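The values are calculated or read from the model by the stated rules, or taken from the named source; none is laboratory data. Remember, it's a predicted structure, so these values are computed and weren't measured experimentally. Methodologically, a virtual Cβ is constructed for each residue, glycine included, from the backbone with ideal geometry; neighbour enumeration extends over all protein chains shown.
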Amino acid sequence: MLRRFRRRRLALWAVIGAVCGLIWLLRMPLHHLPLERDEAAYAVIARDWADGAIPYRDRFDHKPPFVYVAYAPPVLVGTEPVQAIRVWATLWLLVTTLVLWRAGRRLWRSEVAGVLTAILVASWNSAVFLQGVTFNSEAIMLLPSGLALLFGLKALDNGQKAWWMLAGIAAAVAILAKPVGVLIVPALFVTTLAIKGDVNERIGRAILIIDGLALVLIPTVLYFALAGGWSDFVEANWTYNTTYLQQTNATVSQLWPIWRSLLLLVVAGIIGATMAWRRRRYWPSLILAGLWSLGLIASAFVSLRAYPHYYQALVPALAVFAGGLAKVRFGFLQQYKDFSIVLIAVLLAILPLSSLWPLYNKTPEAQIEQLYGVDGREFFALAPKVVEWIDRNVGKQTSVWVWAAEPEIYLYGNYAVPSRFPYDYPLAILPNALDETLQQLRSKPPKVIVTYGAVRPIGFDAMLKVAPYRIRVHLGGYDIWVR
């Protein structure tokens, strides 16, 4: 009996290893995919933070600081930023997959359910239609969010209170990856207060979660306050984001293609969730997982924008309950249950994984065009060409101001950012941002200015009076000006 159990565990580990290996192989042809503008902004700020610049105070962006922490290893260690970031993103997904494998296993008390959860997380978070091969803040948030669920489930199973503190720490990191991560926190508190125990026990568990949150959030606040950047932190993460949220203008016709692509996983999650009634003695775990999933689902819909990567958070929320399919009774097929579950997993994974296939025989430039259309073709794919032209015709390490929303040029050329803003769209939103930037540029005019083709930003004419800039070349969607 023991030998059979060990063989089964070994087989399940082999399956998980095969899943991770397959995902690596399927994503590997996309490891040279050019960065899009958000990814480049995170990388530039991670680079400059390591060089002494303080995020928000010296380099503006409206994402919480853990995003830049997550980008630091590939940016600082890798010699080729694109490949390093893409490889790191795949590794991040694989670790997230392993975490949710353990969470699914613990939730359903089933190795097969855990494996099914892992397969769905790894495959659907690689889907092209969710921009799963990119490394945006949603993908970063899913790892600490998954850890918060896993630690909470461990606390419920073994009663060790330290797991609640670890769950609070993980939830705090999720918040510092994306502010909507705060929506998973109620799941932890409701569960601690709902499970058995006297008032003191329940309050004690809740306090441990608060302690975990405080251990991460308070040092973060102190760091930026002591660095003289607290007001800038608030401006970026609250003032700017609330203004950005109010500008939501996507229509159902724009959102429906994204939502429609997830319908198969939604159905699987609903069917799997119906198995919960058979697990009534595990209600605390199911309550925690259910509220956690609702928090992730809500995080995806807080800002109704037609950006596919916004909806990556739906995948683990649905996958942990789709794992409940392992508990479905198959009637006369019950003797072939394991085979049936494998077949279900394959059928559910085919759709997202097949979306990668059309990209395999394409160049990185063609891949990014297929993912992002005109932006991919005219801007993301051509940013390295802009750097090549500047280095060849003006000189390396020259001063460059990218008067556009394309910070990837700073990254590829290893150029210093001459302003607080590595991209230009906050200049039209934040009070005094444009005046502050123009003052910096006038005091020390850069040698090169890069703008969008045929676009003259507000304040550009004033710069022409400061220094004799002349347009030297039109390159795709860019104009390059040199003085």
Requested in this report: State which residue is nearest to the chain's Cα centre (by Cα) when the search covers only segment 337-358 and only residues that are closer than 18 Å to G324 by Cβ and in contact (Cβ under 8 Å) with a residue 12 or more places away in the chain.
Outcome: A349
Report task. Return a yes/no flag: does segment 119-131 have any residue that is in contact with a His (Cβ under 8 Å, 6 or more places away or on another chain), buried (at least 23 other Cβ atoms within 10 Å of the Cβ) and in contact (Cβ under 8 Å) with a residue 60 or more places away in the chain. Result -> yes
Query raised in the report: Can V450 be described as in a strand (DSSP E or B), farther than 21 Å from A40 by Cβ and either in contact with a helix residue (DSSP H, G or I) (Cβ under 8 Å, 6 or more places away or on another chain) or in the same structural domain as N241 (by TED's automatic domain parsing) (or both)?
Result: no
Query - Matching option when the condition is modelled with pLDDT under 95 and either not hydrophobic (A, V, I, L, M, F, W, C) or not in a helix (DSSP H, G or I) (or both), among T79, T96 - result: T79
**Report entry** Flag if A268 is in contact (Cβ under 8 Å) with a residue 60 or more places away in the chain and either surrounded by fewer than 13 Cβ atoms within 10 Å (Cβ to Cβ) or under 30 Å from D61 (Cα atoms) (or both)
**Finding:** no
Requested in this report: Enumerate the pairs (first residue in segment 41-60 and without any contact (Cβ under 8 Å) to a residue 60 or more places away in the chain; second residue anywhere and surrounded by fewer than 20 Cβ atoms within 10 Å (Cβ to Cβ) and assigned to a helix (DSSP H, G or I)) with beta-carbon separation below 8 Å, excluding pairs fewer than 6 apart on the same chain, so at least 6 apart or on different chains.
Outcome: A46/V69; A46/A72; A46/L76; W49/A72; A50/A72; A50/L76
Query raised in the report: Does Y223 qualify as being out of contact with any helix residue (DSSP H, G or I) (no Cβ under 9 Å at 6 or more places or on another chain), hydroxyl-bearing (S, T, Y) and modelled with pLDDT of 95 or more?
Result: yes
Query - Index of the failed condition, N200 passing every other in (1) part of a helix (DSSP H, G or I); (2) touching a residue at least 12 places away in the same chain (Cβ under 8 Å) - result: (2)
Report summary line: Sole miss for T239 among (1) polar (S, T, N, Q); (2) touching a residue at least 24 places away in the same chain (Cβ under 8 Å); (3) within 21 Å of Y307 (Cα to Cα) is condition (3)
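Yes/no per residue for (1) of a type in the set (A, V, I, L, M); (2) surrounded by fewer than 21 Cβ atoms within 10 Å (Cβ to Cβ); (3) over 17 Å from Y469 (Cα atoms):
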residue	(1), (2), (3)
P384	no, yes, yes
W389	no, yes, no
R392	no, yes, yes
Q397	no, yes, yes
V402	yes, no, no
N414	no, yes, yes
Report task. Inspect all residues belonging to segment 336-351 and state whether any of them is assigned to a helix (DSSP H, G or I), surrounded by 20 or more Cβ atoms within 10 Å (Cβ to Cβ) and at pLDDT 90 or above. Result -> yes
Query raised in the report: Which one of these is aromatic (F, W, Y), assigned by TED's automatic domain parsing to the domain that holds L314, under 22 Å from K327 (Cβ atoms) and touching a residue at least 12 places away in the same chain (Cβ under 8 Å): W292, W259?
Result: W292
**Report entry** Evaluation of W88 against (1) in a helix (DSSP H, G or I); (2) farther than 18 Å from P29 by Cβ (one fails), failing number
**Finding:** (2)
Report summary line: For V387, the lone unmet condition from (1) farther than 30 Å from A113 by Cα; (2) part of a helix (DSSP H, G or I); (3) under 22 Å from the mean Cα position of the chain (by Cα) is (3)
Query raised in the report: Can you tell me which residue in segment 300-314 is modelled with the lowest pLDDT, limited to those that are in contact with a helix residue (DSSP H, G or I) (Cβ under 7 Å, 6 or more places away or on another chain) and hydroxyl-bearing (S, T, Y)?
Result: S303
**Report entry** Verdict on L325 being exposed (fewer than 13 other Cβ atoms within 10 Å of the Cβ) and either not in a helix (DSSP H, G or I) or not β-branched (V, I, T) (or both)
**Finding:** no
Query raised in the report: Among (1) surrounded by 15 or more Cβ atoms within 10 Å (Cβ to Cβ); (2) at pLDDT below 95; (3) over 18 Å from the mean Cα position of the chain (by Cα); (4) of a type outside the set (S, T, Y), which single condition is V180 missing?
Result: (3)
**Report entry** Selection count where residues are touching a helix residue (DSSP H, G or I) at 6+ places or on another chain (Cβ under 7 Å) and either surrounded by 15 or more Cβ atoms within 10 Å (Cβ to Cβ) or assigned to a loop (DSSP other than H, G, I, E, B) (or both), scope segment 453-467
**Finding:** 3
**Report entry** Every pair of residues 6+ apart whose Cβ atoms lie under 8 Å, when the first sits in segment 95-116 and is touching a residue at least 24 places away in the same chain (Cβ under 8 Å) and not assigned by TED's automatic domain parsing to the domain that holds W24 while the second is in a loop (DSSP other than H, G, I, E, B) and of a type in the set (A, V, I, L, M)
**Finding:** none
Query raised in the report: So which residues in segment 221-240 are closer than 23 Å to S145 by Cβ, surrounded by 17 or more Cβ atoms within 10 Å (Cβ to Cβ) and not aromatic (F, W, Y), if there are any at all?
Result: A236, N237
Query raised in the report: In this structure, is I207 under 21 Å from the mean Cα position of the chain (by Cα), of a type in the set (A, V, I, L, M, F, W, C) and either outside the structural domain of V302 (by TED's automatic domain parsing) or at negative phi (or both)?
Result: no
Query raised in the report: Which of the residues that make up segment 36-85 are of a type in the set (S, T, Y), at negative phi and surrounded by 23 or more Cβ atoms within 10 Å (Cβ to Cβ)?
Result: Y42, Y68, Y71
Query raised in the report: Can you pull out the residues in segment 12-54 that are under 18 Å from I119 (Cβ atoms) and among the small types (G, A, S)?
Result: A14, G17, A18, G21
